[in-house]
Amino acid sequence: MDKEIEVILKNYQKDPSQLISILQDLQAKYNWLPKEILLEVSKGLGVPLSRVFSIATFYRAFSLTPRGRHQIRVCLGTACHVRGGKRILERMERDLKIKEGETTPDSKFTLQTVRCIGCCSLAPALIIGQDTYGRLIPDKLKEIYQDYK
Amino acid sequence: MITLTIDGREIKAKDGATILETAREHKIEIPTLCYHEAISSAGACRICSVEVIRGDRSRIAAACVSPVEPGLVVKTNTEVITNLRKVLIELLLARCPKVKAIQDLAHKFKVKKTDFKTEDEDCILCGMCVRVCEQIVGKSAISLVNRGTKREVATPFYEASSACIGCGSCAVVCPTGCIKVEDIGDKRTIKKWKAEFKLQQCKMCGKYFAPEAQLEYLAKALNLPEKEFEICQNCRVILGKISKAEEQKSEQMKKLSLS
Amino acid sequence: MRISTLNDLERIKEKGLKSIFPKKTKITVGMATCGWATGAGKVYQAISGKLKKTKQKAILARTGCLGFCQREPLVEIFVPGKSRVVYKEMTPEKAQQLVADLGNGNLRPEWALCQLSDPLCPENLAPKEVEQIPQYEQLDFYKKQMKIALRNCGFIDPENIKEYIAKGGYFALFRVLSEMKPEQVIAEIKKSGLRGRGGAGFPTGIKWETGRKAAGETKYVICNADEGDPGAYMDRSVLEGDPYSVVEGMTIAAYAIGSNAGYIYVRDEYPLAVETLRKTIAQAKKSGLLGKNIFNSGFDFKIRISRGAGAFVCGEETSLLASVEGRIGEPRQRPPFPAQQGLWGKPTIINNVETLANVPAIITRGADWYAGIGTAKSKGTKVFSMVGKVQNTGLVEVPMGITLREMVFEIGGGVLKRKKFKAVQTGGPSGGCIPESLLHLPVDYEELSKAGSIMGSGGMIVMDEDTCMIDIANYFLSFLEEESCGKCVPCREGIKRMREILTDIIEGKGKMEDIKRLERLATAVAQGSLCALGGTAPNPVLTTLRYFRNEYEAHIKDKKCPARVCKNLINYFIVERKCNGCSLCIQACPQKAIIFKGKKKPVKLDMSKCIKCGTCLDACKRGAIEVR
């Protein structure tokens, strides 16, 4: 693991001002940010651990707890809110039997909300990974879960 | 020097100074909570808000982070400012009802009570502890963590920080006293940071006076031998007096022997 | 291929025109995020597969957002010399049928959205008019639009620099670097009246002038692509559909202020835009349009991408700077302004994506042309995202001065399902809700401010009789509470307490004095906050109080929610005369709150179990369930 972290740090010339991009690349690789990785980043960049922790907890993109294989991000932007985004979230919570912020026991899905993904014309919408789904109807959500392993 | 007006008085201010520094220099009172001269200013609590008028434009700004400008007109006690200050104090009172510094402010500015749902926090998130640890001590053992209403000051992962040297500078600047440094026997505990330190015993008087970790750090930072830090401040002063007295004596002896 | 001279540009332009208007049939699929989200990926694959199978010689290409997102996926088929038709709401099956019809002249007008024509198209390849299909300019949605920032979106392959140049791209930069002094560029932008399109509407020329005048060798240009306003996505469309316009705009800005290095700060939620920008910057570098000695002028400029990580507050200039510097996104008080002391303490101008996209067009067609569009103080055009309870959702670019009524009822096609219009929300969480009585207002910075809202980034969210305005005000406050950085007391504590009061009102626990409490808090939050997030946070509450006070009073005095949204104040009822006991609702109900009473008998609802999720409403085909 250490070597892989070195590679990512080197990609950014070990520049402390690139801390956010470095954490994003690390999270893309490991799916979340375990403590050990943040310790390595702190050492490798010569940045106080308290600062790394501050950044990892300030920005929503980072997760310090393990995430599912697929992150569902239900959009609760204004257009989605007005066109029933909350009901989509509530339905998903019931379908997957988890609450917002939680991960299914089989680690398949982590359910999160986001505001907004820029698909306002297709409200309500959600993203899973890099896939966007628009014009959602609660009954059609089942078809979406099936697409993911 | 820059000329500006504060509360109707013409004031000459140093170039680069803030409105707060200038006001304090001229004994004009502006209340603060998150300001300390030894560290940088944040403009976070907004208690030092003043009205700043430039030409025909008026705005409200925090005096601690507002640079003085020529011809600026500053008002520290208008109705707008008084009302704003009252709401700020009410908000803080609702968050930290038991904190003396807030109760004192409330008393001073005639805020009787708050009708917001009260909480039971003791930290006002002024951030001074974080700044002092970073800027003066140079250890950055704590930081501001999370965002918005979930914001708090914490050690990394809420565990004892390996960078903390137990110096207690954070407690010194804290306006609410929520950082408690407890010295019992040869141990210092700072509960808020989940930290425990072994205290150094003074080789002269035997008292436990400072964490070993802190003295080690100082020795390295000042490039002095660790031996220098085995004696507490009081004994140093006494030693200093003794050595000064001895110096004077040997001067006198020299003079006598020369004559 | 290095592009260093005007000849190079002209040569590439010819190549680009051949690419946009080839001699073979060309099928273009709209592949911006809206396209993908509605299935454009599958449509593209279906077309590709069918072309291979039928061994037809046609070019398959991609493009960005044409703006009519409601009708995505869109597919354009250009048959040189014959026709150029855009098809709407495409499915893989329909697309394959269109490919099959390519030889037989069946243009399937019932599937068509419109036909396109372009004066740049060589005459021998120009399409002929098709009678049954309306022209693009004739559609209600496009009639009153004027595309400047969106001029190329949906018409070129965004990743193909040749096509960008064919449409006039980079000729502006050439003119700037070979004929104009930085001060002349600034004068031109000042004259045009261009104002920041990110929200604040600050005159761009003056910002550049401050940057130019600031002392120091090192200066920066930053493109703010953090587009955080929920409901706004015009920046995303420009980045995905015409990224070179932003790069060219930045390069011109850099030359004007004397900067050699720039950043594009893109929010984390736009992965496709980040990808597209990476490719764009790499290609521009390869072509010599970024890097050293651009167009042999001696001017150097390079751009790096900086990514956001999920913080709305980083759209604020000083927070953005903190984030680029690798710190948490906390704002700081201004002055000093970023143009004087910005990134790493150096003079920095920060411009919005849409603002920069306008720059090359202004240089090419002149400040006078731009200033001739719009109103006295709001020049040019603005892109709006027309969304919410409106028939035609999409991105709309209109000249300033058009009325809100024209936008919602003509371009937008009116309220969805013929429901009653209630309000249009502009300016995102910093803006306000404008009622029907003010629909005559022109779209203009000052006019919208007078009404209590702001232009903002251009979000235009239409709301109808089923929208509860208290719920909307609460929604925005909850959003800001989550996004507040937490540094200053008025924003962190004040917004929370305002939201608590609204929650009480929504839950039926409100009192009339709560309105005064809200107003008092609103004043303090607006005046005391460190940055514009807190400073404008009270706007949604204040405008809803101003224009929809009756709704507040209904919630407080009558404990009723007129729009039937607030769960504590509504109940679900079975309309017995309409219910035939079909039990679809019983199957749908997750709480088993509906009880079967026998065949052909109306069902019964147990309110103690009901969570008011609305699933039964969706399931019932007889309208036998009502919310009151």
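The values are calculated or read from the model by the stated rules, or taken from the named source; none is laboratory data. On a predicted model such as this, the values are computed, not experimentally measured, just so you know. Positions of Cβ are generated from backbone atoms using ideal geometry, with glycine treated the same way; all protein chains shown enter the neighbour counts. For the accessible areas, the whole protein counts, side chains as well, though only heavy atoms, and no ligand, DNA or RNA atoms are used. Shrake-Rupley method; radii C 1.70, N 1.55, O 1.52, S 1.80 Å.
Under the condition of being among the hydrophobic types (A, V, I, L, M, F, W, C), open to solvent by 10 Å² or more (accessible area, probe 1.4 Å) and in contact (Cβ under 8 Å) with a residue 24 or more places away in the chain, which residue from segment C:523-544 is farthest from the other protein chains (Cβ to nearest Cβ)? Before the answer, list the steps.
Pass one, segment C:523-544, residues among the hydrophobic types (A, V, I, L, M, F, W, C): C:524-526, C:530-533, C:537, C:541-542.
Checking the rest, the ones that are also open to solvent by 10 Å² or more (accessible area, probe 1.4 Å) come to C:526, C:530-533, C:542.
Applying the additional criterion that residues be in contact (Cβ under 8 Å) with a residue 24 or more places away in the chain yields C:530-533, C:542.
Values: C:Leu530: 6, C:Cys531: 10, C:Ala532: 12, C:Leu533: 10, C:Leu542: 16 Å.
Filtering segment C:523-544 for residues that are among the hydrophobic types (A, V, I, L, M, F, W, C), open to solvent by 10 Å² or more (accessible area, probe 1.4 Å) and in contact (Cβ under 8 Å) with a residue 24 or more places away in the chain, the one farthest from the other protein chains (Cβ to nearest Cβ) comes out as C:Leu542.
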Name the helices (runs of 4 or more DSSP H) wholly inside segment C:131-236 in which the number of residues that are within 14 Å of chain A (Cβ to nearest Cβ) and within 30 Å of C:Lys26 (Cβ to Cβ) is 1 or more. C:140-143
Can you name every residue in segment A:39-65 that is within 15 Å of the chain's Cα centre (by Cα) and either more than 26 Å from A:Phe109 (Cβ to Cβ) or facing another protein chain (nearest Cβ under 10 Å) (or both)? A:Ala56, A:Thr57, A:Phe58, A:Tyr59, A:Arg60, A:Ala61, A:Phe62, A:Leu64
Return the residues of segment B:137-176 that are out of contact with any helix residue (DSSP H, G or I) (no Cβ under 7 Å at 6 or more places or on another chain), over 27 Å from B:Cys202 (Cβ atoms) and either among the aliphatic types (A, V, I, L, M) or away from chain C (no Cβ under 14 Å) (or both); say none if nothing qualifies. B:Ala154, B:Tyr158, B:Glu159
If you check C:Tyr265, C:Tyr270, which single one turns out to be within 14 Å of another protein chain (Cβ to nearest Cβ) and surrounded by 23 or more Cβ atoms within 10 Å (Cβ to Cβ)? C:Tyr270
Taking the options C:Ile161, C:Ile165, C:Ile148, name whichever one is out of contact with any Gly (no Cβ under 7 Å at 6 or more places or on another chain) and crowded, with 17+ Cβ neighbours inside 10 Å. C:Ile161
Segment C:70-117, residues that are aliphatic (A, V, I, L, M) and assigned to a helix (DSSP H, G or I): C:Ala95, C:Leu98, C:Val99, C:Ala100
Taking the conditions exactly as written (outside any strand (DSSP E or B), surrounded by 15 or more Cβ atoms within 10 Å (Cβ to Cβ) and out of contact with any strand residue (DSSP E or B) (no Cβ under 6 Å at 6 or more places or on another chain)), does B:Leu218 satisfy them or not? yes
Here's a check for you: in segment C:282-292, which residue that is surrounded by fewer than 21 Cβ atoms within 10 Å (Cβ to Cβ) and assigned to a helix (DSSP H, G or I) is nearest to the other protein chains (Cβ to nearest Cβ)? C:Ala282
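Would you be able to say whether some residue in segment C:552-559 is over 32 Å from the mean Cα position of the chain (by Cα) and buried (at least 24 other Cβ atoms within 10 Å of the Cβ)?
Yes.
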A:Ser63 part of a loop (DSSP other than H, G, I, E, B), within 25 Å of B:Lys150 (Cα to Cα) and touching a Phe, Trp or Tyr at 6+ places or on another chain (Cβ under 9 Å): yes
Extreme residue, nearest to the other protein chains (Cβ to nearest Cβ), among residues of segment A:27-38 that are closer than 14 Å to A:Phe53 by Cβ and assigned to a helix (DSSP H, G or I): A:Lys35
Please pick out the residue among C:Ala254, C:Ala311, C:Ala232 that is touching a Ser or Thr at 6+ places or on another chain (Cβ under 6 Å), crowded, with 24+ Cβ neighbours inside 10 Å and among the small types (Gly, Ala, Ser). C:Ala232
Selection within segment A:94-105 - over 13 Å from the mean Cα position of the chain (by Cα) and either free of Cβ contacts under 8 Å to residues at least 12 places away in the same chain or open to solvent by less than 20 Å² (accessible area, probe 1.4 Å) (or both): A:Arg94, A:Lys97, A:Ile98, A:Thr104, A:Pro105
Being in a strand (DSSP E or B) and touching a helix residue (DSSP H, G or I) at 6+ places or on another chain (Cβ under 7 Å) is the filter here, so list the residues in segment C:405-422 that pass it. C:Phe421
Going through (1) in contact with a Cys (Cβ under 8 Å, 6 or more places away or on another chain); (2) in the same structural domain as C:Arg195 (by TED's automatic domain parsing) one by one, C:Ser385 fails only at (2)
Would you confirm whether or not segment C:266-275 contains a residue that is in contact (Cβ under 8 Å) with a residue 40 or more places away in the chain, closer than 28 Å to C:Gly30 by Cα and in a strand (DSSP E or B)? yes
